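So the structure is just underneath, and the comments pick up after that.
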Amino acid sequence: MESVCWWFVYYVVVVQGIPEVARAVIHIDEQSGKQKLKLLVEGDNLRAVMATHGVNGNRTTSNNTYEVEKTLGIEAARSTIINEIQYTMVNHGMSIDRRHVMLLADLMSYKGEILGITRFGLAKMKESVLMLASFEKTADHLFDAAYFGQKDSVCGE
């Protein structure tokens with residue numbers, strides 16, 4: 001009976017109805033010995049995908065951190081950042097201590113929005129001169145901080 005169900009879903013059921021979804025593919029995962037069906041969706045609108053009949057919203061994931069932030073909030077987006085960085089590093093044969101990745105995710109999300117680790121994302125973190133100088137245009141940031149008398153109260157213990 002179980003094989004008939006996946007065959008029916010795979011060959012007969014047509015997935016449609018969310019305009020932002022470009023493509024949906026049913027993936028059959030047989031690693032654990034049991035057949036598990038996964039619906040891989042290409043596109044946006046996580047909320048509509050989670051609300052789709054037959055989709056378990058509690059087990060639905062996305063790699064689009066902005067979509068996750070919009071739908072589930074900043075903490076879920078932070079968790080997505082951590083998972084995506086770890087997944088990418090492991091697939092490239094690298095390992096990073098999870099605490100370092102968590103620190104990076106905290107830095108990207110502490111303002112209540114997702115900020116990229118780019119010159120433009122770090123520019124929104126104006127409280128820390130050293131943080132701005134640590135990425136790009138180091139001399140410019142340090143010169144501006146000295147010229148305008150900015151302080152960076154770094155405390156270490």
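Scanning segment 56-69 for residues that are assigned to a helix (DSSP H, G or I), free of Cβ contacts under 8 Å to residues at least 24 places away in the same chain and either surrounded by 13 or more Cβ atoms within 10 Å (Cβ to Cβ) or under 11 Å from the mean Cα position of the chain (by Cα) (or both) yields a count of 2.
What tally of residues in segment 24-55 results from selecting those that are under 15 Å from the mean Cα position of the chain (by Cα) and part of a loop (DSSP other than H, G, I, E, B)? Adding up the residues that qualify gives 2.
Looking only at segment 28-41, which residues are surrounded by 10 or more Cβ atoms within 10 Å (Cβ to Cβ) and either within 23 Å of Ala76 (Cβ to Cβ) or without any contact (Cβ under 8 Å) to a residue 24 or more places away in the chain (or both)? Answer for segment 28-41, where residues must be surrounded by 10 or more Cβ atoms within 10 Å (Cβ to Cβ) and either within 23 Å of Ala76 (Cβ to Cβ) or without any contact (Cβ under 8 Å) to a residue 24 or more places away in the chain (or both): Ile28, Asp29, Lys36, Lys38, Leu39, Val41. Restricting attention to segment 135-154, the residues being assigned to a loop (DSSP other than H, G, I, E, B) and either in contact with a Pro (Cβ under 8 Å, 6 or more places away or on another chain) or of a type in the set (Val, Ile, Thr) (or both) number 1. When the test is whether a residue is in contact with a Leu (Cβ under 7 Å, 6 or more places away or on another chain) and either within 26 Å of Val101 (Cβ to Cβ) or among the aromatic types (Phe, Trp, Tyr) (or both), Glu67 passes it. Within segment 17-35, restricting attention to residues that are touching a Ser or Thr at 6+ places or on another chain (Cβ under 9 Å) and within 23 Å of Ala51 (Cα to Cα), the residue that is modelled with the lowest pLDDT is Gly17. Please go through segment 90-117 and pick out each residue that is assigned to a helix (DSSP H, G or I), free of Cβ contacts under 8 Å to residues at least 24 places away in the same chain and not aliphatic (A, V, I, L, M). Listed by number, the residues that qualify are Asn91, Arg98, Arg99, His100. Across segment 40-72, the number of residues qualifying as touching a strand residue (DSSP E or B) at 6+ places or on another chain (Cβ under 6 Å) and of a type outside the set (Gly, Ala, Ser) comes to 4.
The values are calculated or read from the model by the stated rules, or taken from the named source; none is laboratory data. Everything numeric in this text was worked out from a predicted model, so none of it was measured. Glycine also receives a Cβ, built like all others from the backbone with ideal geometry; neighbour counts cover every protein chain displayed.
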